[in-house]
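Below is one structure, written out as structure tokens; comments come after it.
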Amino acid sequence: MPAKDDRASQLAVKLVEVLTAQRTRQPDPPTLANLAQLADPHANEQTILSAVRRKAFSGQALVARADLRAPAAFLADLVQLAASPALLAYALASARTPSNHAATPARLKKRLTNKLQKPFQEALQRRIEHGTLPPTVGWVLANRAKLLFLLENLHTGRQSIEPPSAAEAAPPLVTQTDFAPAFQAAFAQLDRQAGAHNFVSLVELRRALPYPRPVFDAGLHQLRREGRYSLSAAEGRHGLSDAEREAAIPEDGALLLYASRKSP
Amino acid sequence: MTAPSDAGDLGAFFARVAEANPFTDNRVNGPSETDVDVDQVHQAAFDRLVDLAREAWQEARGLGAVLWGEAGVGKSHVLSRLARWAKQDRHAVFVYLHNLQASPENLPRSVLKAVVSILTEGRVRHFHPTPLYRILNATVAHALERYQPGPPSWPRAEAAYSQLLDDLSAAPSRASLVDRTVYDVLFHLFRSEYEMRAGREDGQAARWAVRWLSGDALDPAEARALGLTRIDGAERPVALTDSQQVKQVLVALTQLAWFRKQPFVLAFDQVDNLETGQFAALARFVEALIDSSPNLLVVTSGVQATLIDWLGAKVIQSSAWDRVAQFEVRLQRVTPAEAGHILSARLDRFFAPFRTLDDVAARRHQDPLFPLGTSWLEAVLRDKIEVRPRDALNWAREAWRREQETLRQDGGLAWLANWAPAPAAADRPSQPLTDEQVAPVIDARVEQKLAEHRTARLKHPETLPPDAANVAGLVQALLAEYAPDGSRLLVVQQPHPSRRGRKRTYNLVVRRRGNPGAEDARAGLLFLVTPSAQSTTRALGRLLEDPNPPARVLLVTDERQPLHLAEKGEQDHRELLDRGPERFRHLVLPFARYAELDALRATVGEARSGDLEIELPGGKCRQVTEAEVVACHHRRGRYGGAAVVADVLDALGHGKVQETGRLSTSLTG
């Protein structure tokens, strides 16, 4: 049985390998927990945190903070990590307490490892100045300080607004005659790429078929009516990204996100 | 011919309509003989699974199928139908497992324990009415008929059984999969039980055999009686050595079922609510099991989006997935017509006791969907292309409730006399609820689900056998929910000690971080569920010999498996008790409390799978999240009131434990 030191060192190497594999696959930086799960699902927290301090890892990569939920990246990608919405979301979540849901950029940066603090604060200032904060984050001026917060923590008196249903949507802008074959082809290709599980996200389908939304929704509605495709709700354990929410079709209080060929 | 209705009969009918809603249950918690089922709904998926089960038997091979779809689409209903099919005319041996809690390394053993418990119907003696005995009986009968025809005798049966095993091992590819030790113990079980029924012995060997087959340790004398010895020859407890031998027992059981011409179907429901490490371990084990079994269909059921996410994230290796999900059976939303059939079936069941009431029969003749009304259904489904069965049940529940209101307002006779098919009522405005308003709704729903899960386990205790690994997993998970990230409570699972063959002293060590400069408070938990006196003595000895014991040690046993103490064990136990309740406590977990622990986790798992919903004012439903269930458990003090968990928190002086928290019986000196 390897000693603790050996286990941490071995894990450090594996973490770098997984990070390398994830670098091209995932647009968002992975969390340390994600990396560890893929590298060694049995590693405990102590070993993981010890591993990221090892030269084998820290010589090439960094974690935003000694925390399993913190995002990680290669040192070469430090600037991208500093500017990423994932890091901002992490910093906000990390700084959030039951009695305080907002923080200044200066306070947020202190939640991060030293190497990241300066580039993070600079990137955040740019986002604030250019109005390019992620859609889930807002800021407000209070006593001349800019306080950032997650919009989910904003309390208002408004009711939530549901997107319009397909029937209420604007009329199609272009003909639908070519939609069905295009949809079938795109579905077949995307399904094949994803392992042929007959389960394709509308995010991918909308990307592959750049029809105006009303045309896409009406075309898909027709395919469902003809019994050729079925939709199912987005109910994975991993929550929904903004892109998924945007692509889904609301129906009966659920967001339908995945298309499947109809079973006989 | 129907009888004329009288006021008395109608009174019972009106009371039933007013009090009960046939659409309240919108999910099943496990296989049931009394489900309201509609054959044509998901028939293709069900037929596919039946075909695969038959193929597993006909081709004498192992097959894996994944049954997936979104929450509320009917996966558990299909498994329940499969269970009924298996039972009907003894088509198959069917084992349904869900809410597995053991840690990844203990999962195979925990699965075996649950399988054997279900096949022996939770019995500790008198096994002859159980499925396990029946498949053994069929195997021995087959062997006798084939190899030793003529008047049966034990020598002939033994010889025939041995020849059968020779034949099974003859194919080079199968030789390593026929573990003679396992088959010999199975034969001991059969013989001992058979002889006990004939009044010629006490059936003790059968009991030992079942224990060993379940993964429990036997004392050396017990093991010798079954012909079992340790490889190292040591005079120590004998148990299945590793996951490989655990697998070999399951492989043998599927082989025995083959001789009874029954496919062996093993169903894992709601796997998407497992932790990823658990699922990875389960998939690896199932892959090996499928590869080795001569007559097995494993059905793995869960939410497709989660399973595909895990596949993409390599939680499960492609090779394992290819075997576990060799056949994909997808459940999709049903057509509006099928949704109508589901509602009709519920109404048929509801009205069955009242079919002789003329006035009621007349209404049903007028409109088969009375009191919802065919026009109501048409209006509800008019624009629908496909429907989630659970949604259809929710809409019907709300419509029924409206009828209940009318009945209460107008009185039963007026309601029945004036009833007319009505179009669907417009949705009542759905008022958004504040956190304060929604909490009691969630609390009531979770309370109801807890009661359902608890009742199901109490009705079928064999589905939750005494199992140290499972209780340890439950307690660990509940403590993690009680004290999430950032809390001062830290749960640490004891790693395997480095010395080869040396068992761990504790299943869990729970540490409460102290203030800076202060020492952490530690509690060590040992879950001891074994009928082996020697194993018990060794475990207690490890507690006594621990050079650096936690300040508090909790020994947890299951009331169904009392501590079996020989002289030395008695002495050690006494010595531990003499340390005083501040340092050592022995907790006996009553089964009802165990079922409560299980229910606490099951409700969290249901929320994870998207299977837990609340109804908002106006009749709309929304899912309850995992975090909301955990918050509900906190709000209602359920963690502080849960058996063992409460004792751990108390031992660490963590928070105020409610008085109801002492739910495990504590044995003191």
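The values are calculated or read from the model by the stated rules, or taken from the named source; none is laboratory data. Being a predicted model, the structure only gives us computed values, none of them experimental. So basically every Cβ, Gly included, is an ideal-geometry build from the backbone, and we count neighbours across all protein chains shown. Protein only, heavy atoms only, side chains kept; ligands, DNA and RNA dropped before computing areas. Shrake-Rupley method; radii C 1.70, N 1.55, O 1.52, S 1.80 Å.
Where in the stretch A:1-119 are there helices (runs of 4 or more DSSP H), lying fully within it, with 3 or more residues that are away from every other protein chain (no Cβ under 14 Å)? Walk me through it before giving the result.
Numbers: elements: A:4-25, A:32-39, A:45-51, A:55-58, A:78-83, A:85-95, A:105-109.
Per the criteria, A:4-25, A:55-58, A:78-83, A:85-95, A:105-109.
Looking at the stretch B:368-383 only, could you name the residues that are crowded, with 17+ Cβ neighbours inside 10 Å and either free of Cβ contacts under 8 Å to residues at least 60 places away in the same chain or assigned to a helix (DSSP H, G or I) (or both)? Break it down into steps so the answer makes sense when it comes.
Initially, the stretch B:368-383 is screened for residues crowded, with 17+ Cβ neighbours inside 10 Å, giving B:369-373, B:376-377, B:380-381.
Those that are crowded, with 17+ Cβ neighbours inside 10 Å and either free of Cβ contacts under 8 Å to residues at least 60 places away in the same chain or assigned to a helix (DSSP H, G or I) (or both): B:369, B:370, B:372, B:373, B:376, B:377, B:380, B:381.
Is it the case that some residue within the stretch A:49-64 is under 22 Å from residue A:12 (Cα atoms), in contact with a Phe, Trp or Tyr (Cβ under 8 Å, 6 or more places away or on another chain) and open to solvent by 30 Å² or more (accessible area, probe 1.4 Å)?
For the stretch A:49-64, residues under 22 Å from residue A:12 (Cα atoms), in contact with a Phe, Trp or Tyr (Cβ under 8 Å, 6 or more places away or on another chain) and open to solvent by 30 Å² or more (accessible area, probe 1.4 Å): present.
Do we have residue B:217 as closer than 29 Å to residue B:108 by Cβ, open to solvent by 10 Å² or more (accessible area, probe 1.4 Å) and in contact with a Pro (Cβ under 6 Å, 6 or more places away or on another chain) here?
Numbers: closer than 29 Å to residue B:108 by Cβ: yes; open to solvent by 10 Å² or more (accessible area, probe 1.4 Å): yes; in contact with a Pro (Cβ under 6 Å, 6 or more places away or on another chain): yes.
In short, yes.
Scanning the stretch B:599-626 for residues that are within 11 Å of another protein chain (Cβ to nearest Cβ) and either assigned to a helix (DSSP H, G or I) or of a type in the set (S, T, N, Q) (or both), which turns out nearest to residue B:398 (Cα to Cα)?
Here the answer is B:623.
Name the single residue, out of those in the stretch B:302-335 being part of a strand (DSSP E or B) and more than 7 Å from chain A (Cβ to nearest Cβ), that is surrounded by the fewest Cβ atoms within 10 Å (Cβ to Cβ). I'd like the intermediate steps shown before the answer.
First, pick out the residues of the stretch B:302-335 that are part of a strand (DSSP E or B): B:302-303, B:327-330, B:334.
Within this subset, residues satisfying the condition of being more than 7 Å from chain A (Cβ to nearest Cβ) are B:302, B:327, B:329, B:334.
On the way: B:302: 23, B:327: 17, B:329: 23, B:334: 24.
If we take residues in the stretch B:302-335 being part of a strand (DSSP E or B) and more than 7 Å from chain A (Cβ to nearest Cβ), then B:327 is surrounded by the fewest Cβ atoms within 10 Å (Cβ to Cβ).
Would you check if there is a residue in the stretch B:166-180 being modelled with pLDDT of 95 or more, in a helix (DSSP H, G or I), of a type in the set (Asp, Glu) and open to solvent by 20 Å² or more (accessible area, probe 1.4 Å)?
Within the stretch B:166-180, none of the residues are modelled with pLDDT of 95 or more, in a helix (DSSP H, G or I), of a type in the set (Asp, Glu) and open to solvent by 20 Å² or more (accessible area, probe 1.4 Å).
Hey, could you check the stretch B:260-279 for residues that are in contact with a Leu (Cβ under 9 Å, 6 or more places away or on another chain) and in a helix (DSSP H, G or I) and say which is nearest to the other protein chains (Cβ to nearest Cβ)?
Looking at the filtered set, the residue picked out is B:272.
Pairs needed: first member in the stretch B:132-148, within 20 Å of residue B:93 (Cα to Cα); second member anywhere, of a type in the set (Asp, Glu) and not in a helix (DSSP H, G or I); C-beta distance under 9 Å; at least 6 residues apart or different chains.
Close Cβ pairs satisfying both conditions: B:132/B:121.
Does the stretch B:377-419 hold any residues that are within 16 Å of residue B:16 (Cα to Cα) and either touching a Lys or Arg at 6+ places or on another chain (Cβ under 9 Å) or within 14 Å of chain A (Cβ to nearest Cβ) (or both), and which are they?
B:415, B:416
Yes/no per residue for (1) farther than 30 Å from residue B:480 by Cα; (2) within 13 Å of another protein chain (Cβ to nearest Cβ):
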{"residue": "B:46", "(1), (2)": "yes, yes"}
{"residue": "B:80", "(1), (2)": "yes, no"}
{"residue": "B:88", "(1), (2)": "yes, no"}
{"residue": "B:95", "(1), (2)": "no, no"}
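Go over the candidates B:407, B:393, B:413 one by one and state the one that is part of a helix (DSSP H, G or I), over 26 Å from residue B:269 (Cα atoms) and open to solvent by less than 30 Å² (accessible area, probe 1.4 Å). Outline the logic, then answer.
Details: B:393 fails: over 26 Å from residue B:269 (Cα atoms); B:413 fails: open to solvent by less than 30 Å² (accessible area, probe 1.4 Å).
Among B:407, B:393, B:413, only B:407 is part of a helix (DSSP H, G or I), over 26 Å from residue B:269 (Cα atoms) and open to solvent by less than 30 Å² (accessible area, probe 1.4 Å).
Just one of (1) within 22 Å of residue B:271 (Cβ to Cβ); (2) surrounded by fewer than 24 Cβ atoms within 10 Å (Cβ to Cβ); (3) at pLDDT 95 or above trips up residue B:130, so point out which.
Unmet for residue B:130, out of (1) within 22 Å of residue B:271 (Cβ to Cβ); (2) surrounded by fewer than 24 Cβ atoms within 10 Å (Cβ to Cβ); (3) at pLDDT 95 or above: (1).
In the stretch A:94-123, which residues are open to solvent by 60 Å² or more (accessible area, probe 1.4 Å) and under 18 Å from residue A:33 (Cβ atoms)?
Matches in the stretch A:94-123: A:111 only.
Can you say whether residue B:106 is buried (at least 19 other Cβ atoms within 10 Å of the Cβ), at pLDDT below 95 and not in a loop (DSSP other than H, G, I, E, B), as far as the supplied structure shows? Explain how you work it out, then say what you get.
Numbers: buried (at least 19 other Cβ atoms within 10 Å of the Cβ): yes; at pLDDT below 95: yes; not in a loop (DSSP other than H, G, I, E, B): yes.
So residue B:106 passes the test.
So which residues in the stretch A:225-236 are surrounded by fewer than 21 Cβ atoms within 10 Å (Cβ to Cβ), facing chain B (nearest Cβ under 9 Å) and touching a residue at least 24 places away in the same chain (Cβ under 8 Å)? Before you say what the answer is, go through the steps one by one.
Step one: list which residues in the stretch A:225-236 are surrounded by fewer than 21 Cβ atoms within 10 Å (Cβ to Cβ), which gives A:225-228.
Those left that are additionally facing chain B (nearest Cβ under 9 Å): A:225, A:227.
Once the filter is applied, which keeps residues that are surrounded by fewer than 21 Cβ atoms within 10 Å (Cβ to Cβ), facing chain B (nearest Cβ under 9 Å) and touching a residue at least 24 places away in the same chain (Cβ under 8 Å), the stretch A:225-236 yields only A:227.
With B:83, B:60, B:15, B:65 as the choices, which residue is part of a loop (DSSP other than H, G, I, E, B) and modelled with pLDDT of 90 or more?
Working: B:83 fails: part of a loop (DSSP other than H, G, I, E, B); B:15 fails: part of a loop (DSSP other than H, G, I, E, B); B:65 fails: part of a loop (DSSP other than H, G, I, E, B).
Only one candidate qualifies: B:60.
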